[in-house]
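Here is the structure we will look at.
Just so you know, all these numbers are worked out from the coordinates, no wet-lab data involved. Being a predicted model, the structure only gives us computed values, none of them experimental. Quick reminder, even Gly has a Cβ in these numbers, built from the backbone with ideal geometry, and neighbours come from all protein chains shown.
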Amino acid sequence: MPSGIISTIAGNGSYTFAGDGIATNEQIVPIKVAFDIRTGGIYIADQYNYRFYYVDTAGSLHTVAGNGRRGFSGNGGLATAASFYDPCGVVTDACGNLYVTDVNNSTIDSGRNIRKVTFDSTCRIATLKTNNVVESKDINLYPNPANHTLSISYSEAISSVVVYDMVGKIVIDNKYNSINNVDIDVRRLKRGVYVVRVNGGEMRRFVVSEP
């Protein structure tokens, strides 16, 4: 097996937090990391400095949660003003929000050991299982590259069209006044496979090959 190339992307070997900046110059105690597929950056849980960081693709480290003081506080406010007690895990969802473990704030009656950091409160994740989509023969899709729209016709009057990406994130959610043909603007969609759902039930896949 060929050898890989190892490089440091965050941390300078010391453990006392000294502030945000160039990631390789910072003093952190990483315990868990998570990759953000949306941005290409990574999130880091720092157990002993009671913080969570984000390292962007330019190599800069940013504190995204935690004030550095051990304890429990801050729900409903800015995440960087909140207190944690031994953060030791971090994952992201399709909207880019964080779910973090705050292990030593876990008590039987408080339920404090898992906390969420919300960056985009308008983003929604669907429960739709896109890998098991039953495609309707009653929906017809007609792409129009000239004006970056997708025309949809349906055998019944259309009241709603929802578009999901392949991780279940809702990227378009339009309401209509019961018409049989609609056009949706797809110019802001990235390349990839999407599922369109009409009237909350019937579904079809489509592909965006150009942004």
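Some values worked out for this structure:
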quantity	calculated
Value of relative contact order over the chain, rounded to a whole percent, pairs C-alpha under 8 Å and six or more apart	11 percent
In the chain, lysine pairs with alpha-carbon atoms under 28 angstrom apart (chain gap of 8 or more, or interchain)	14
P(r) histogram, all alpha-carbon pairs of the chain included - 10 Å bins from 0, percent	8, 27, 23, 19, 17, 6, 0
Exposed-site-free run, longest, the chain (rule: trypsin sites (Lys or Arg not before Pro); DSSP loop; at most 15 other C-beta within 10 Å)	70-123
Nitroxide proxy distance, nm - points 7 Å out along Cα→Cβ at Ser136 and Val207	2.4 nm
Over the range 130-208, relative contact order from alpha-carbon pairs under 8 Å, at least 6 apart, %	33 percent
Estimated FRET transfer efficiency when R0 is 41 angstrom, pair Asn199-Ser83 (beta carbons, to 0.05)	0.30
Shape call, the range 21-117: gyration tensor on alpha carbons, a/c limit 1.5	prolate
